[in-house]
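The values are calculated or read from the model by the stated rules, or taken from the named source; none is laboratory data. Nothing here was measured: the structure is a model prediction, and the numbers come from that model. Glycine gets a Cβ as well: all are built from the backbone with ideal geometry, and neighbour counts include every protein chain shown.
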Amino acid sequence: MSHPLLLALATFIAGQDGLVAGHDPSLRQRSECTAGAPRAALHVPGSAMLGVSAFRFPHLPMAGTIEEDMLTGLWMDLDPAPNAVLDWNCTDRTYNGHQGIDLGMKSWFEKRNGVPVFAASDGIVVLAQDGWPDENLNGGVQGNIVAVDHGGGYLTWYFHLALGSVAVSLGQPVKAGQQLALAASSGNSFGPHLHFGVDLSGTPIDPDEGPCNAMPSLWVHPPSIDYGFHLYDAGISRIDLTPYYPPAIMPASNQLLTSDSAVRFWNWMINLPPQSDWRVVFRRPNGSVAFDSFDVPFGNPTTYSQWWTWWEYGPTTVPELFTLLGTWTVEFRINGAQLWSAPLEVRTVLDPNLNHPPKPIAASFEPSLPTQDDPVMCRVATDARSSRTRTGTSCAIATCGRSMARPCATSRPPCSPTRCRTTPR
């Protein structure tokens, strides 16, 4: 199968002075995440084991903080029509026939560190499958899977798990919050994520309540989804980013050599508003402005639910950046508001020990006063959420004007036409 980059329409947008290369990283797959291991073939009839009457999930099925390090967005398709899609919130953030929820992560770095997958509720393991490669980007194969019978006809599915990580066995009782495995990209997958599915008496159902899904929420604590504009990931690099895109581990660096050909940086933005503008500013070590791109339009006709883009600037555009040593500052703005600002050390020789102090963090336990039977989560918080730039929210955001959104991946092709122009450096 083709390399996944060929499945994405890489877009090159010629900025005012810097070359911009971008794609909306995730619309690559068009078939159900569980294809290759058809859900019908894996169906295990729900039992009356627990006698559930008002069934709820007390625990999210994957570790992380929603919209911080856990990326949501591919919901269940509720429209039975073959050429139409609809999710619980009346948007098109799904694709035709998608029978679950996708919870993603930034890159292979998080996957290789280990992102736990939890039982969403008490139950008994009725399927535990392991042994398949777990960094698949081309779909179409079998994968590592766990299924849990919760009684009352409720069954949950956990797809695309990491090789060798399945920690439960057939017939084993599990508690809500108990680790089942690690999230990865095994099976019919195009990037590291968890596909979480729910069946009721053999029929896939959507656990999320919303204007287009009247069924009561199955979550004890329904997750709050941020439909406002915000930054998911960003970084600066000395390395040419042409071969890099999610879920690759990005070659970040806070140093630039005077002999380097260019400085690059990337942004992974969520819910980019229609007709947005971007602006790049380089400040000299004394704080004065050496370069200002001023506002440059993205040219996006609709909201882009995800947009991964990279820029590069060379000595032709910002000549002083490659001659004046010291700590420069790179600023990036969207629609007039600063999205981030970062130091860049310009040097003649790389300093392997150079680093900057980390931002402060805080940690807390959830629940703060757990009982003996409560699953306990340690929540690590940064200032990311409080510092986000928001430009409004909507309950019906279109995804690039198309009838599909983030499938089983964290990368997506663009929804705007390809535009190319060589920019001098």
- Message: Please go through (1) surrounded by 16 or more Cβ atoms within 10 Å (Cβ to Cβ); (2) touching a helix residue (DSSP H, G or I) at 6+ places or on another chain (Cβ under 7 Å); (3) not in a strand (DSSP E or B) for Thr317 and return the number of the only condition it doesn't satisfy.
- Response: (2)
- If only one of Val52, Val85, Val44 is touching a Phe, Trp or Tyr at 6+ places or on another chain (Cβ under 8 Å), at pLDDT below 85 and outside the structural domain of Tyr244 (by TED's automatic domain parsing), which one is it? Val52
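Listed here are the residues, each with its yes/no results for (1) over 20 Å from Tyr313 (Cβ atoms); (2) assigned to a strand (DSSP E or B); (3) without any contact (Cβ under 8 Å) to a residue 12 or more places away in the chain.
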position: Asp240; (1), (2), (3): no, no, no
position: Ala248; (1), (2), (3): yes, no, no
position: Phe265; (1), (2), (3): no, yes, no
position: Met269; (1), (2), (3): no, yes, no
- Unique residue being part of a strand (DSSP E or B) and free of Cβ contacts under 8 Å to residues at least 40 places away in the same chain when the list is Val148, Val166: Val148
- Message: I'm checking my understanding of the structure. Among residues of region 62-82 that are surrounded by fewer than 20 Cβ atoms within 10 Å (Cβ to Cβ) and among the charged types (D, E, K, R), which one is modelled with the highest pLDDT?
- Response: Asp79
- Count, please, the residues in region 247-259 that happen to be surrounded by 19 or more Cβ atoms within 10 Å (Cβ to Cβ), under 26 Å from Leu103 (Cβ atoms) and in contact with a strand residue (DSSP E or B) (Cβ under 6 Å, 6 or more places away or on another chain). 1
- Item | Test result for Ala262, more than 18 Å from Gly336 (Cα to Cα), buried (at least 19 other Cβ atoms within 10 Å of the Cβ) and small (Gly, Ala, Ser) | yes
- Query: So Arg333 fits all but one of (1) part of a strand (DSSP E or B); (2) of a type in the set (Lys, Arg); (3) at pLDDT below 95; what number is the exception?
  - Reply: (3)
- Message: I'm trying to understand the selection: among the residues of region 107-124, which are surrounded by fewer than 22 Cβ atoms within 10 Å (Cβ to Cβ) and assigned to a strand (DSSP E or B)?
- Response: Pro116, Ile124
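Residue check: is Leu256 under 27 Å from Glu320 (Cα atoms) and either within 15 Å of the chain's Cα centre (by Cα) or not β-branched (Val, Ile, Thr) (or both)?
Details: under 27 Å from Glu320 (Cα atoms): yes; either within 15 Å of the chain's Cα centre (by Cα) or not β-branched (Val, Ile, Thr) (or both): yes.
So Leu256 fits the description; yes.
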- Query: Ala84 is checked against (1) touching a residue at least 40 places away in the same chain (Cβ under 8 Å); (2) among the aliphatic types (A, V, I, L, M); (3) in a loop (DSSP other than H, G, I, E, B); (4) in contact with a strand residue (DSSP E or B) (Cβ under 9 Å, 6 or more places away or on another chain) and fails just one. What number does that condition carry?
  - Reply: (4)
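In region 85-104, which residues are under 23 Å from Ser185 (Cα atoms) and within 19 Å of the chain's Cα centre (by Cα)?
Within region 85-104, the first condition is being under 23 Å from Ser185 (Cα atoms), and the residues that meet it are 93-104.
If the condition is that a residue be under 23 Å from Ser185 (Cα atoms) and within 19 Å of the chain's Cα centre (by Cα), then Arg93, Thr94, Tyr95, His98, Gln99, Gly100, Ile101, Asp102, Leu103, Gly104 are the ones that fit.
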